[in-house]
Structures are given as structure tokens and as C-alpha cells.
1. How big is the gap, in Å, between the Cα center of the stretch 10-67 and the Cα center of the stretch 100-134?
2. Multiplying the sequence separation of TRP55 and LYS5 by 0.36 nm and subtracting their Cα-Cα distance, what value in nm do you get?
3. Assuming a strict under-30 Å limit between Cα atoms, what lysine pair count do you get for the chain once near-sequence pairs (fewer than 8 apart, same chain) are dropped?
4. Sorting check: for 12-24, 115-127, 171-183, which peptide has the highest mean count of neighbouring beta carbons within 10 Å, and how do the rest follow?
5. For the chain, go through all pairs of different Cα atoms, get the mean of 1/r, take its inverse, and jot down that Kirkwood value in Å.
6. Could you tell me the relative contact order of the chain? Use alpha-carbon pairs under 8 Å, at least six residues apart, and round to a whole percent.
7. Distance in nm between label sites at GLN100 and LEU41, each 7 Å beyond Cα in the beta-carbon direction?
8. If R₀ is 25 angstrom, what is the calculated FRET efficiency for the pair VAL162 and ARG16, using the beta carbon separation as r and rounding to 0.05?
Amino acid sequence: MDDPKRKRWTVTEFYRIIELGIIDGEQCELIEGDIMQKERLSPPHALCKTHLSEWLAKTYGSDYVSQNRSIIPVNDADRKSSEPEPDFAVLCNNLEHYAQNHPPAEDVILIIETAEITLSYDLIVKSAFYARNAIVEYWVVDVAGRQIIVHLNPTPEGYESVVTFEAEGEIAPAAHPEAKIKVADLLPLTSTA
């Protein structure tokens, strides 16, 4: 018996089904032809995103941090089947620079995804995807595991360096090594009960 065929969507088709109201574009993103439902935020997840937003604004200036899933264009091979919307993208230019067009991948300094339910997807599929698209630094914040997994040195096969920083450790972006912060300060407090 044959396995069922999977429909790979194009960006054009993706926008058409949003336009028709079949799906809510605010709740989905397109990665490698797959329409992925975005994760609902638990209170700890939402608080983690707030901590990250504040720290990124202090580190880079709020005019250089795109959040709430801004679209990052990708290489020619992925352009027809992917339109990623990361939780945070730090850009090398002021956001006003991108008033007419989405920022190209080469303008991205850092992408951060926060995850609970989507953790394995972010660590496997999105990691390979962002590496293939030459995103120089990619962080996955594991909210429940209280750690941040940092990916550096992208190649077409994946990231050459993947390092996990536990809550007790300190972390800093490669582009701003002086901006160290305790990982725990970016995560919600744990229950003491």
C-alpha cells in the first residue's frame, strides 16, 4: 500500500488560503512547504518573551529588534515554499530601513525562537532551515527546560557549533559579547512550592 502524499504549499498558495479565510495567517507560518500552527503561549512562555524583548531592546535598541513573528526572506531555493516568522529577529539596520521590503537574511544578526511544545521542531527543522539560509546566530529558548540552545557558524548542512546554556550560566550574543546576562534572568521564575 502506498503512503499518503503530503501537500507542499507554495508561498503564493499560502497567501491565497489566508485571503480566502481558510486559515488564520496570524496563527500559522510556512516552512519548507508545510503550514505550521504557531504555539499558544502559556503564562511562563509569554513572560519569557517579555524578558527577552526588554533585554534585546536594551542591548540593540528597540529600533533594531523585530518581534511578533516578522517575516524573514530566505534563499532562492527556499523562497517559493517558506516564509518563516521568528519570535525575534535582530537586524543590522533600523526597522525604518525595511519600510518597503522585509529584511533580507543577510541583514539578520540573531534569530530567537521561544519554545515549549515546538521545542524539537525548532531544534531540528528550523535549525537546519536557518543554517541553510546563513542565519549567523540562532537561539532556541527552552522555556520548560530553563535553558537556551545557541547555534553558530551556519553551513548548508547545519550549524557547526551548538551550545546549551543552563539557567545558572551567562549568555551573550556573538555580535555583542559585552552584553552578558544570566540565562535565568531571561526565563520566568520557577515555583518555590
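Throughout, read-outs are computed from the coordinates displayed, never taken from laboratory work. Note that the structure is predicted; figures quoted are calculated from it, not measured. Quick reminder, even Gly has a Cβ in these numbers, built from the backbone with ideal geometry, and neighbours come from all protein chains shown.
1. For the stretch 10-67 versus the stretch 100-134, the Cα centre distance is 11 Å.
2. Computed gain between TRP55 and LYS5 is 13.6 nm.
3. Taking the chain as the scope, the lysine pair count is 23.
4. Details: 12-24: 12.0, 115-127: 17.7, 171-183: 13.8.
Ranked by mean Cβ neighbours within 10 Å, highest first: 115-127, 171-183, 12-24.
5. Numbers: mean 1/r = 0.0575 Å⁻¹.
Final number for the Kirkwood radius of the chain is 17.4 Å.
6. Computed over the chain, the figure is 16 percent.
7. Roughly 3.2 nm, to one decimal.
8. 0.10
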